[in-house]
Structure formats: structure tokens, C-alpha cells
Amino acid sequence: MRGKTHCLEVWGNFACFTRPEMKVERFSYPVITPSAARGIFDAIYWKRSYGFYWQIEKVEILKQPQYIALRRNEVKDKAPGEKTIMRWMEGKSEIEPLWADGDRVLLATDQKGRTQRQTMALKDVHYRIYAHICFRNPVSSPATFDAQFERHASHGKCFYQPYFGCREFPAYFKLVQEGDGLIPPISLNRELGWMVYDVFDLKMANDEDALPYISIFFAHISNGVMNVPEYNDPEVKKPKEVPHA
């Protein structure tokens, strides 16, 4: 069961859709990935209890991909779990800060602190993204969900700020409606090779049960448009189906 096709126009100053083979030093794909595009729709409208996901149909590229080199300071440690943070908020345990810098003894023994990493990001990005809701279980009124999404998107509402790959790269959006004047996609034809499709199993019955599950597909841009196959399409390779390099 699926909903109607919706279209968002999205843009921003910076973006980074990291190629996994580059490992530590981040290097962006030249176009938004399906998982990052799905995240933008999720930020605007998503209901965990109803068990649906956004199926991206295609991406239209409205500006030529441009790269920019960024060097960023990143902390080596990670934030603790939700329970620990709640104890800090309630004053039940002492707060343990994340150290961005420290003396030589601390850094030598704890291996924490910060590290500088290079990022090849995109700048001045602009896309049109088409997607529809896929329901994992039958619902009585799919049109209700479509109407709620359109109401949110048309007023610029979202549950959290959408972003382009990294949270420090905010994405701005507007709902494309019938009768809107549309600029055509750019003239670009390119094979992108294997691209990350998603990092979760979208067929899971409950989103809270979803575990990391990498899927990929062979992406290419034709006349400025990247078509995205359905998640269940054989073109989307799952872990047991991924061909050897």
C-alpha cells in the first residue's frame, strides 16, 4: 500500500553525502543519496506508531555539483546513552564533559580530545525530490497521511531541522504544488557507480526495531535526473546480495 507522490524543492549552502569507501576523510557523492533524501521527508512528517517509510522515486538536480574543501575539528569521544544523560539532567550523577582539548598526559593515556579531518563537501546545492509513503501494514485512510504531510510542508513545519548529510548543513525546503513554475534540471549525464541506498532495513515492521542494514544500488544521472528504484527492486542490493569487488 502506498500514498500519492509528493515533491519537495530543497536547497542549502553546504552538503556532504559521504562515500563509505573514503573511510576517515569524508568525500561527498556529487548528488544527494536516497537515505539522505528520505531523512528530509522524515523530518517534516513521520509517525513511528503507524510503521511507514518514505520511498524516494527520483531526484532532479537543479544546480551543477560544486565541491569545497573543509577542515573540521571533531571530538574523538562520543556522547553517552539516553539513560546516562537523563541521570545528569535529574542530578543523580555527575556530568562528565566531552573534552575537545586536554594536556599531554590526558591525551596520551586516554586518547581523547579532538582531531582534524578533511571533508570534500558540496556547496550551493539545489534539488527537487519526489517521494511517496509506503505503508508496511494496511491503513484505513492513506489519503489522511498525504494530507497531513502536505499541510506540514506547505507551512514550512517540521519536527526537526532537515539537513544535508551532516546536521551542521541545514536544508531548506518548500512543497512543490500543481501550477508552480519549475526550472528544468541541469544538463548532466554521469555514472556514479555503487551508491548507498539506505542504512536501515526499510521492511522492518517497527522503526524502533530497525538495525543497521546497508543496501546499495548502481546510480547514474541522465539529463540531470537520478531515478531511484523501489526498495524491493532487484536493483537494490542487500548484504547477502552485494557483488564482490
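If the segment from SER187 to LYS157 were pulled out straight at 0.36 nm per residue, it would be longer than the present Cα-Cα gap by 7.6 nm.
At an R0 of 22 angstrom, the distance between the Cβ atoms of ALA147 and GLU168 translates into a FRET efficiency of 0.10. Each of HIS155, GLY91, PHE41 was placed along the dipole of the chain (beta-carbon charges, centred on the mean Cα), and the one lying farthest toward the positive end is GLY91. Each label point was placed 7 Å from the Cα along the Cα-to-Cβ direction; for LYS47 and LYS203 their separation is 2.5 nm.
Using the empirical formula 2.2 N^0.38 Å as the baseline, the Cα radius of gyration of the chain reaches a ratio of 1.13. Simple spin-label estimate for VAL176 and TRP88 gives 4.2 nm between the two label positions (7 Å along the Cα-to-Cβ direction from each Cα). Here the label points at GLU235 and GLN118, each 7 Å from Cα along the C-beta direction, are separated by 3.4 nm in the simple model.
Throughout, read-outs are computed from the coordinates displayed, never taken from laboratory work. Fair warning: this is a prediction, and the values are worked out from it, not measured in the lab. A quick note on method: Cβ atoms are made from the backbone with ideal geometry, for glycine too, and the neighbour counts reach across all protein chains shown.
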